[in-house]
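Single-structure report; data block below.
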Amino acid sequence: MVIAVYPGSFDPVTSGHVDIAERAAALFEQLIVAIYDTPPKPLLFTTEERVALMKKALSHLPNVRVESYSGLTVGFAKKVKAKVVVRGLRMSSDFEREFEMALMNKKLAPDLELICFMTNLEYEFVSSSLLKEVSSLGGCIDGLVPDHVAVALRDKFRR
Ligand code: ADP
């Protein structure tokens, strides 16, 4: 059985993330969406909130599990016996960062493979940070995040 891990900050989960998770879940027997608890960037949602939002967003996928983790992604992947790390790629800026990380992870864990999914054209411009900015200014983000995430964002920014 091939287990894959899809790691990220997911602050919060967007429709772009859901699309990648759905496509990866169709390819691997088990997908573990791994929510990094302390990414090196300011967070809007707590780890528990990010996990709960992700669980609801992916509840239609029976072979997907959502967990939080701390420390190295390769350490978490080893713990859950994953052979593959899944990431999503938007534009060239994602590529440079992912390439750098992939080479470092290969050095740390030579047996672990990285598989990158190209973004769906619809979500090319969708990022958690942009959606948080638009939502904080009262802009409409319907369709770019699951409905319950749009509600959670509105709640956070309610003035
Ligand atoms: P991180 O902080 O690890 O980059 P993110 O939550 O921003 O975490 O993203 C997690 C993964 O999902 C990354 O591989 C990122 O490139 C990918 N991703 C983010 N947004 C999209 C999108 N709209 N389409 C495809 N992949 C995406």
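The values are calculated or read from the model by the stated rules, or taken from the named source; none is laboratory data. Just so it is clear, the model here is predicted, and its values are computed rather than measured. As a convention, Cβ positions derive from the backbone with ideal geometry for all residues, glycine included, and neighbour counts pool all protein chains shown.
Look through ASP111, ASP147 and report the one residue that is exposed (fewer than 12 other Cβ atoms within 10 Å of the Cβ), at pLDDT 95 or above and closer than 20 Å to ALA24 by Cβ.
ASP111
For the range 34-144, please list each of the helices (runs of 4 or more DSSP H) lying entirely inside it that holds at least 1 residues being in contact (Cβ under 8 Å) with a residue 24 or more places away in the chain and among the hydroxyl-bearing types (Ser, Thr, Tyr).
73-79, 128-136
Limited to the range 70-91, what total is found for residues that are loosely packed, with under 14 Cβ neighbours inside 10 Å and within 12 Å of the ligand (Cβ to nearest atom)?
So the answer is 1.
Within the range 103-116, which residues are in contact with a helix residue (DSSP H, G or I) (Cβ under 7 Å, 6 or more places away or on another chain) and away from the ligand (no atom under 11 Å from the Cβ)?
Start the filter on the range 103-116 by keeping residues that are in contact with a helix residue (DSSP H, G or I) (Cβ under 7 Å, 6 or more places away or on another chain), which leaves 105, 108-109, 112, 114, 116.
If the condition is that a residue be in contact with a helix residue (DSSP H, G or I) (Cβ under 7 Å, 6 or more places away or on another chain) and away from the ligand (no atom under 11 Å from the Cβ), then ASN105, LEU108, ALA109, LEU112 are the ones that fit.
If ASN120 satisfies every condition in (1) out of contact with any helix residue (DSSP H, G or I) (no Cβ under 8 Å at 6 or more places or on another chain); (2) modelled with pLDDT under 95 but one, which is the exception?
(1)
Let me confirm something: among GLU67, GLU124, GLU100, which residue is touching a Lys or Arg at 6+ places or on another chain (Cβ under 7 Å), of a type in the set (D, E, K, R) and either away from the ligand (no atom under 14 Å from the Cβ) or within 19 Å of TYR6 (Cα to Cα) (or both)?
Selected residue: GLU124, the only one of GLU67, GLU124, GLU100 that is touching a Lys or Arg at 6+ places or on another chain (Cβ under 7 Å), of a type in the set (D, E, K, R) and either away from the ligand (no atom under 14 Å from the Cβ) or within 19 Å of TYR6 (Cα to Cα) (or both).
Do we find a residue being touching a Leu at 6+ places or on another chain (Cβ under 7 Å) and crowded, with 16+ Cβ neighbours inside 10 Å anywhere in the range 54-62?
Checking the range 54-62: not a single residue is touching a Leu at 6+ places or on another chain (Cβ under 7 Å) and crowded, with 16+ Cβ neighbours inside 10 Å.
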